[in-house]
Amino acid sequence: MTSLSARTLVLALALTFGALVSAVEAANTLDQLLQETQSLRARESQENAAREQEFRANRDKQASLLAEAEAKRAAAEARSQKLSAQYDANEKEITEVQTTLSNRSGNLGELFGVTRQVAGDTAVALSQSMISAEFPDREDFLRQLADAKELPSITELERLWFEMQREMTESGRVARLKTQIVAADGKTADAEVVRVGSFTAMSDGRYMTFLPTQKRLSVLPRQLTGEKGTAAVELQNATNGYVRSAVDPSRGVLLALYVERPTVIERIERGEAIGYVILAVGLAGALAFAYQVIYLLRARLSIQRQLAHLNQPTADNPLGRVLRAFKGDAAHIEEDAEVAELRISEAVLREVPKLERFQSFLRLAVAAGPLLGLVGTVIGMIITFQSITESGSSDPKLMATGIGQAMIATVLGLGIAIPLLFANAGLVALSRQIVAILEEQSTGLLAESIEARKPKGVKHSAAA
């Protein structure tokens with residue numbers, strides 16, 4: 001307040017001095033200067049009076065404001081003391097209420113903890129169960145109960161028990177329901193589903209899996225074939241009685257792994273070029289074996305028919321051709337038995353190449369199969385080492401391609417070698433039987449012919 005008055009006084013003096021200087025400069029005579037000075041003093045007196053009045057008004061106003069502020073501060077301090085007292089009273093009351101609650105709840109606190117734990121565990125288990133596709137709202141209830149901060153009510157405890165009991169009951173029941181499923185193309189459609197407990201579900205003969213995020217059943221992208229696929233169709237078409245069905249005890253895990261198994265064609269494709277070479281060799285060997293075994297069987301049957309009519313040889317079988325060749329030269333046969341035997345052997349040897357046809361090729365295929373498989377194994381290992389080098393780690397998933405190619409090539413090589421080995425052995429045995437029959441019959445025919453050309457006296461003498 002004092003500082004403000006001093007500043008105001010200095011300002012007034014400065015203004016008075018400035019006005020005085022201006023009046024002196026404007027006055028031309030001393031009388032005029034005196035009049036200007038008197039007039040200036042009069043104005044200054046009026047101005048000072050106005051200023052003093054203003055200062056007094058401001059001083060009174062400041063005093064009023066100060067009094068008002070002090071009153072507000074006093075009221076705030078009183079309210080603060082009142083709230084502090086109320087807070088202390090509330091704290092004391094809360095402590096007393098908590099003590100009373102703890103005494104009255106007894107074992108209910110432990111029950112609450114067990115209920116929350118059971119509800120959380122059950123919610124996790126039911127979230128993976130395909131029964132949730134039929135009852136999708138139970139998981140939300142269990143999770144709310146597990147996250148609750150207050151004691152559960154009797155109704156909530158009863159529903160918890162009911163949901164657990166319903167899961168057990170539905171796990172042992174075969175149910176037919178209509179629901180929305182996710183097709184293989186990702187679109188949602190209405191379908192009739194047959195559910196075997198919580199283990200397997202199928203629709204239109206297609207096996208399904210459960211999507212926990214969508215709480216819906218989804219068609220597996222790849223389906224089981226053969227007997228298991230037929231069992232799914234029979235189960236869905238059944239109305240009563242007992243039918244066979246595939247049940248996955250792992251609730252879809254084994255089924256998902258099983259359908260991911262590659263087929264025979266896919267395994268062969270993983271063998272790449274060397275696998276096709278091995279199959280080509282095996283196919284050629286199989287065709288050669290099939291052609292030759294049919295030829296030998298027909299030759300064996302025709303030889304059996306020819307054995308019943310040795311006196312009427314025909315050209316549709318090896319034995320008939322040998323007999324006809326011998327009988328054609330019977331009139332000119334030399335007396336030398338060795339030459340005759342050579343003629344017979346020539347006729348037999350003429351039939352041997354046809355009887356032993358493709359045996360050399362089969363032996364070659366038997367030897368080449370494992371060698372080609374070894375080549376595929378080496379290529380697969382090279383791919384494996386290359387994947388390790390490129391990735392800098394020995395991740396089994398990265399090495400699976402190369403190792404799979406190596407093993408498939410080995411299996412294909414052995415797969416064609418072993419059957420062709422037995423096939424070649426069968427052809428050798430069958431051809432040897434036919435050659436033995438030819439040699440036996442031709443030798444007997446030669447002996448009969450030589451014996452018939454001997455003189456009777458020599459024959460009787462030899463007999464005597």
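The values are calculated or read from the model by the stated rules, or taken from the named source; none is laboratory data. This structure is a prediction, so every number in the text was calculated from the model and none was measured. Neighbour counts run over all protein chains shown; Cβ positions are idealised from the backbone, glycine included.
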key: Selected residue (only one of A429, A436 is under 19 Å from L362 (Cα atoms), surrounded by fewer than 18 Cβ atoms within 10 Å (Cβ to Cβ) and without any contact (Cβ under 8 Å) to a residue 60 or more places away in the chain)   = A429
request  = Could you figure out which of (1) crowded, with 16+ Cβ neighbours inside 10 Å; (2) closer than 21 Å to F135 by Cβ isn't true of T213?
outcome  = (1)
key: Pick from the range 224-271, criterion surrounded by fewer than 16 Cβ atoms within 10 Å (Cβ to Cβ) and of a type in the set (S, T, N, Q), ranking: nearest to A409 (Cα to Cα)   = T263
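One line per residue, one yes/no per condition, for (1) under 34 Å from the mean Cα position of the chain (by Cα); (2) more than 24 Å from A409 (Cα to Cα); (3) assigned to a helix (DSSP H, G or I):
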| site | (1), (2), (3) |
| --- | --- |
| A273 | yes, no, yes |
| A280 | yes, no, yes |
| V293 | no, yes, yes |
| L297 | no, yes, yes |
| H309 | no, yes, no |
| R321 | no, yes, yes |
request  = Test Q165 against the stated conditions and say whether it is closer than 18 Å to E139 by Cβ, assigned by TED's automatic domain parsing to the domain that holds T115 and surrounded by fewer than 17 Cβ atoms within 10 Å (Cβ to Cβ).
outcome  = yes
remark   = All-but-one check, R270 against (1) out of contact with any Gly (no Cβ under 7 Å at 6 or more places or on another chain); (2) within 30 Å of T384 (Cα to Cα); (3) not polar (S, T, N, Q), failing number (1)
task = With the condition kept exactly as written, say whether any residue in the range 75-84 is surrounded by fewer than 12 Cβ atoms within 10 Å (Cβ to Cβ) and in the same structural domain as L211 (by TED's automatic domain parsing).
result = no
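Looking at the structure I just gave you, is T239 modelled with pLDDT of 75 or more and not aromatic (F, W, Y)?
yes
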query = Does E260 qualify as being at pLDDT 80 or above, of a type in the set (D, E) and either out of contact with any helix residue (DSSP H, G or I) (no Cβ under 8 Å at 6 or more places or on another chain) or not assigned by TED's automatic domain parsing to the domain that holds I181 (or both)?
reply = no
